[in-house]
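Written below as structure tokens is the structure these notes are about.
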Amino acid sequence: MKIVFATNNKHKIEEVKKILPPDIELLTLFDIGCEEDLPETGNTFEQNAAQKARYIHDKYGYDCFADDSGLEAEALHGRPGVYSARYAGTNSTSTANVTKLLSELNMEENRKAKFRTVIALMIGEETSYFEGEIKGEITLRERGSNGFGYDPVFVPEGFHVTFAEMAPELKNKISHRSIAVQKLAEFLTAEK
Ligand code: ITT
């Protein structure tokens with residue numbers, strides 16, 4: 001079975017490749033010759049994931065899935081949320097986004113946050129959704145160099161290290177994306 005993962009984020013592709021069963025052939029946007037940015041104008045993870053998947057499905061004719069994900073800080077009423085990738089502005093770097101988050105949480109005692117992912121899968125005209133989340137806390141400063149995005153400031157519940165200090169294999173076992181991708185893998189395996 002061939003399926004496109006509609007993302008421009010190389011870290012996500014690496015994470016997902018390791019979780020999906022080997023008999024599912026994962027194609028990237030590069031593989032199908034798509035070089036443009038995918039539309040992402042919704043207000044929820046569900047809307048954005050579906051928008052990205054539908055774009056590839058309709059324009060390129062492939063079965064495909066996309067995820068939209070982000071970090072929700074309790075003290076910030078769920079921000080940065082859907083704006084996680086561009087929290088410090090359009091085309092902002094992860095470092096700038098993390099710096100903005102830490103400065104907004106400066107002096108804040110409630111450091112609770114969660115990572116959430118929603119995957120939208122389009123097979124034919126049918127869309128299915130798979131969700132994953134992991135709770136944790138935001139650190140006072142960045143720690144570690146693995147992973148991407150907000151990984152250096154997120155300590156998952158039950159651990160003392162940040163996602164960026166963990167072996168990638170461990171992050172990949174417990175992360176929000178891993179939980180959602182495992183549900184996707186079960187669905188695709190049952191479909192075959
Ligand atoms: P695509 O839209 O092309 O998939 P993206 O990086 O823009 O790639 P999103 O729109 O889903 O992805 O935005 C997610 C942002 O949330 C991402 O850029 C990170 O800043 C953050 N994020 C999501 N998952 C993360 C993770 O596992 N670790 C750290 N940060 C994460």
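Per-residue answers, yes or no, for (1) of a type in the set (Ser, Thr, Tyr); (2) modelled with pLDDT of 95 or more; (3) in contact with a Gly (Cβ under 9 Å, 6 or more places away or on another chain):
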site: Glu35; (1), (2), (3): no, no, no
site: Gly70; (1), (2), (3): no, yes, yes
site: Tyr83; (1), (2), (3): yes, yes, yes
site: Ala88; (1), (2), (3): no, yes, no
site: Leu102; (1), (2), (3): no, yes, no
Taking segment 147-162 and keeping residues surrounded by fewer than 16 Cβ atoms within 10 Å (Cβ to Cβ) and within 13 Å of the ligand (Cβ to nearest atom) leaves Phe148
Is it true that Asp63 is of a type in the set (Asp, Glu) and either over 17 Å from the mean Cα position of the chain (by Cα) or buried (at least 19 other Cβ atoms within 10 Å of the Cβ) (or both)?
yes
When residues of segment 30-63 are filtered for being within 13 Å of the ligand (Cβ to nearest atom) and either of a type in the set (Phe, Trp, Tyr) or part of a strand (DSSP E or B) (or both), how many remain?
3
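Quick grid of which residues meet (1) more than 14 Å from the ligand (Cβ to nearest atom); (2) over 26 Å from Pro39 (Cβ atoms); (3) open to solvent by 50 Å² or more (accessible area, probe 1.4 Å):
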site	(1), (2), (3)
Pro80	no, no, no
Ala85	no, no, yes
Thr90	no, no, yes
Thr117	no, no, no
Glu137	yes, yes, yes
Ser145	no, yes, yes
Can you tell me which residues in segment 64-116 are part of a loop (DSSP other than H, G, I, E, B) and touching a helix residue (DSSP H, G or I) at 6+ places or on another chain (Cβ under 6 Å)?
Tyr87, Ala88, Ser92, Glu108, Asn110
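The values are calculated or read from the model by the stated rules, or taken from the named source; none is laboratory data. Note that this is a predicted model, so its numbers are computed, not measured. Methodologically, a virtual Cβ is constructed for each residue, glycine included, from the backbone with ideal geometry; neighbour enumeration extends over all protein chains shown. With ligands, DNA and RNA removed, areas are computed over all heavy atoms of the protein, side chains included. Shrake-Rupley method; radii C 1.70, N 1.55, O 1.52, S 1.80 Å.
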